[in-house]
Number of protein chains: 2
Amino acid sequence: MQTFSKRVSMTVVKRLPKYYQYLTDLQDQHIEKISSKELAAMMGLTASQIRQDLNSFGAYGQQGYGYKVKELKEAIRKILGLDLQYNCIIIGSGNLGHAIVNYERFKEEGIHFKAMFDVDPDQIGKKVGDVTVYHMDDLDAFVAHHKIDICILSVPQKVGQETTDRVVELGIKAILNFVPLDLTVPDDVVVESVNITDSLFTLTYLINEEEENE
Amino acid sequence: MQTFSKRVSMTVVKRLPKYYQYLTDLQDQHIEKISSKELAAMMGLTASQIRQDLNSFGAYGQQGYGYKVKELKEAIRKILGLDLQYNCIIIGSGNLGHAIVNYERFKEEGIHFKAMFDVDPDQIGKKVGDVTVYHMDDLDAFVAHHKIDICILSVPQKVGQETTDRVVELGIKAILNFVPLDLTVPDDVVVESVNITDSLFTLTYLINEEEENE
């Protein structure tokens, strides 16, 4: 669905949040430098993979010294676009929507929740933290008056694609998708999906594979 | 952390829930057969990848006919271990815990939620659907009296590893982890993680990559 030129492989991109998390933890522990070997051991990779990954983003360690934790963390933060601010709406104010609004890490990283939307009359007008739940009828007007960068989608599966179409129509270019559906979007819209069911099914697979090998 | 012999690569395993979802949808639409080419188009893969994936599990299509949807779905269901029943507890009765208990797809696939656990006095004794929230002090006794196959972990990050250690100590062999942590577990315990923060950070990366390419 996406046609951007892949200068860096998605495998490496998918590892970046992990690097960022480890470097944040290291910084919290006041550790100032780390070798590719140490980082590799923490992340379950090889030192050469680490060097290759980081080189591909122009982050080079110093021979015999390694990487400066703070510098490397800031570099990855910038690569991940976390030096910027994002306005975000959530469609679907169920338990999952609530969980996301209350997720502290999001706020820490420049994600601003501007509004939630739902069709359930019992939800409309409620506040989750300082975020108000509006009716879906108000979506167009709201998005027209606020610069919304990200839509978090946690609606029932049967309205997943039509809600996506509406969001895309309104000009929102990024969707974090919790609906167990492969959404169809134009080339200039990015989608990242969190599929809880897929993870559960992978786990049931692993449980049985494990038992067979015992 | 896991040492089972990888007869089938994790890349293929990770695609199985997707196959299962598509085949379920096809069956719901009363479609009886599908070619590897059609399935490939739906899933964004090549026909040869599809054939290879399915062959590796002993599912062979018929030349000029393709796959019988019902048969293939049942085969994958069995491979995923979804023909079995699983008793499950949830530790952490926050919004995410609530969302999971209410997730319909889980119940449909033989996942039985037996109990939730928390330390928040306001939560203890409450019911989420027909699932009771117990105090963490009651965890050991509960697990001793029920055969628990899966623990879903949605606790704060700072108690993620210690809660895992306790769960492992009680003999639970599978964890669906929502804590943004790489959990350390013995070789005979399987962990599958859902990392919402990682997905968000991948999205912010993609937003900026997209903009650079415009």
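The values are calculated or read from the model by the stated rules, or taken from the named source; none is laboratory data. Quick caveat, the model's predicted, so the values are computed rather than measured. Positions of Cβ are backbone-derived with ideal geometry, glycine not excepted, and every protein chain shown enters the neighbour counts.
Within the stretch A:132-147, track down each residue that is touching a Phe, Trp or Tyr at 6+ places or on another chain (Cβ under 8 Å) and in contact (Cβ under 8 Å) with a residue 40 or more places away in the chain.
Within the stretch A:132-147, A:Val133, A:Met136, A:Leu139, A:Phe142 qualify.
May I ask you to list the residues in the stretch A:71-106 that are more than 24 Å from A:Val168 (Cα to Cα) and either more than 8 Å from chain B (Cβ to nearest Cβ) or of a type in the set (Ser, Thr, Tyr) (or both)? A:Glu71, A:Leu72, A:Lys73, A:Glu74, A:Ala75, A:Ile76, A:Arg77, A:Lys78, A:Asp83, A:Tyr103, A:Glu104 - these are the residues of the stretch A:71-106 that are more than 24 Å from A:Val168 (Cα to Cα) and either more than 8 Å from chain B (Cβ to nearest Cβ) or of a type in the set (Ser, Thr, Tyr) (or both).
Within the option set B:Ala59, B:Ala47, being away from chain A (no Cβ under 11 Å), over 19 Å from the mean Cα position of the chain (by Cα) and over 29 Å from B:Lys107 (Cβ atoms) holds for one residue only, B:Ala47. Pull up the stretch B:25-37, narrow it to residues that are surrounded by 17 or more Cβ atoms within 10 Å (Cβ to Cβ) and in a helix (DSSP H, G or I), then point me to the one that is modelled with the lowest pLDDT. Going through the qualifying residues, I end up with B:Ser36.
Of all residues in the stretch A:73-131, those that are among the acidic types (Asp, Glu) and touching a Leu at 6+ places or on another chain (Cβ under 7 Å) total 1.
Here B:Phe113 fulfils each of the conditions (1) more than 8 Å from every other protein chain (Cβ to nearest Cβ); (2) under 18 Å from the mean Cα position of the chain (by Cα); (3) in a helix (DSSP H, G or I); (4) buried (at least 20 other Cβ atoms within 10 Å of the Cβ) apart from (3). If you go through the stretch B:83-100 and pick out every residue that is outside any helix (DSSP H, G or I) and either out of contact with any Lys or Arg (no Cβ under 7 Å at 6 or more places or on another chain) or over 17 Å from B:Ser154 (Cβ atoms) (or both), you end up with 10. In the set B:Ile196, B:Ile152, B:Ile175, only one residue is modelled with pLDDT under 95 and within 9 Å of chain A (Cβ to nearest Cβ); that residue is B:Ile196.
When restricted to residues that are buried (at least 17 other Cβ atoms within 10 Å of the Cβ) and either assigned to a loop (DSSP other than H, G, I, E, B) or not assigned by TED's automatic domain parsing to the domain that holds B:Gly97 (or both), the stretch B:137-180 contains 9.
Mind checking whether some residue in the stretch B:125-135 is touching a strand residue (DSSP E or B) at 6+ places or on another chain (Cβ under 8 Å), assigned to a loop (DSSP other than H, G, I, E, B) and modelled with pLDDT of 90 or more? Checked against the condition, which is being touching a strand residue (DSSP E or B) at 6+ places or on another chain (Cβ under 8 Å), assigned to a loop (DSSP other than H, G, I, E, B) and modelled with pLDDT of 90 or more, the stretch B:125-135 yields at least one hit. Once the stretch B:42-75 is narrowed to residues that are farther than 17 Å from B:Tyr22 by Cα and small (Gly, Ala, Ser), the residue that is surrounded by the most Cβ atoms within 10 Å (Cβ to Cβ) is B:Ser56.
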